[in-house]
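The values are calculated or read from the model by the stated rules, or taken from the named source; none is laboratory data. Because the structure is predicted, anything quoted here is derived from the model rather than measured. Note: ideal-geometry Cβ built from the backbone for every residue, glycine included; neighbour counts use all protein chains shown. Remember, those area values only see protein heavy atoms, side chains included, never the ligands or the DNA or RNA. Shrake-Rupley method; radii C 1.70, N 1.55, O 1.52, S 1.80 Å.
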Amino acid sequence: MRVLAGQIKCTKTLALIRSLISVGVKIKGIHVHSKVGIPQGRTLRPLLCNIFLHRLDVHIEEFCKEQTVGGKRPVAKAYSLAIQRSRAAYKKGNIKLSTLLRKEAQSIHSKDIMSPKANRVFYVRYADDIFIGVVGPIRLARKALGTLQSYLESLGLSSKERKTNIVHRRKGVIFLGAKISRFSGNLASPFTNKKINDSTFRTRVHPELGIGIRILYLLKKLEAKKIVKFDHKYGRFKSTALRGLINKDHVEIVGYFNRL
């Protein structure tokens, strides 16, 4: 409440929030008073979470700005070597070898993304789920995690140990139900048109990350909750009409979806 009082000046609003926090919950028909935190599913939870963690956002975003250094990344040595070998083969008249070497170069990232001269740090928070992306050495990732945990402690909070770790992009990480990992699939078109001033250039795309979402799994869960249903005629899912919510007010509708 001390942190909230710094952001909310209305005493009546603070009193209402205090009563909503302490009202408790029912577990198997037994009323239990809340001693710490806000029960999962309460409509007030994401709002208070954003207010409470705003200072964390400011602190970590400032850390990201300080640790993001360097301009353009240097050219990767493997890419540079492949291009040089391709050009040398072309000069010798070996067009076939030159073409193969150029294709090899196109499969390599042209920039050295792990260069210490060009570190990148990104911060994303959704409610109480936090993701920090680091392009750089492992020590920078450890420093980012240490900064996050120490500031959470200053707010009287702590991160869940089983959900807090440093993961390489090859292994991937689950964030908000989606798996973020190194892109290993094939693009429908590996090229994109990039417009610079009045000219358009055809550029090859080398995505570093992919986001995998279990669409069918999510649709099955929604089907079990009767939010969607499978249309056998067209072979696809479609939303269902929740007519029972028509006469309910906004709070009841939000509460219904929060309990799903």
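Quick rundown of the values:
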{"read-out": "Strands (runs of 3 or more DSSP E) completely within the stretch 23-139 that count 1 or more residues being modelled with pLDDT of 90 or more, open to solvent by 70 Å² or more (accessible area, probe 1.4 Å) and in contact with a His (Cβ under 6 Å, 6 or more places away or on another chain)", "value": "none"}
{"read-out": "The stretch 107-129, residues that are acidic (Asp, Glu) and in contact (Cβ under 8 Å) with a residue 60 or more places away in the chain", "value": "ASP128"}
{"read-out": "Check on ARG85, in contact with a strand residue (DSSP E or B) (Cβ under 6 Å, 6 or more places away or on another chain) and over 22 Å from GLN149 (Cβ atoms)", "value": "no"}
{"read-out": "Pairs with Cβ under 8 Å, 6+ apart, first in the stretch 211-224 and at negative phi, second among the small types (Gly, Ala, Ser)", "value": "ILE211/ALA178; GLY212/GLY172; GLY212/ALA178; GLY212/SER181; ILE213/GLY177; ILE213/ALA178; ARG214/GLY177; LEU218/GLY177"}
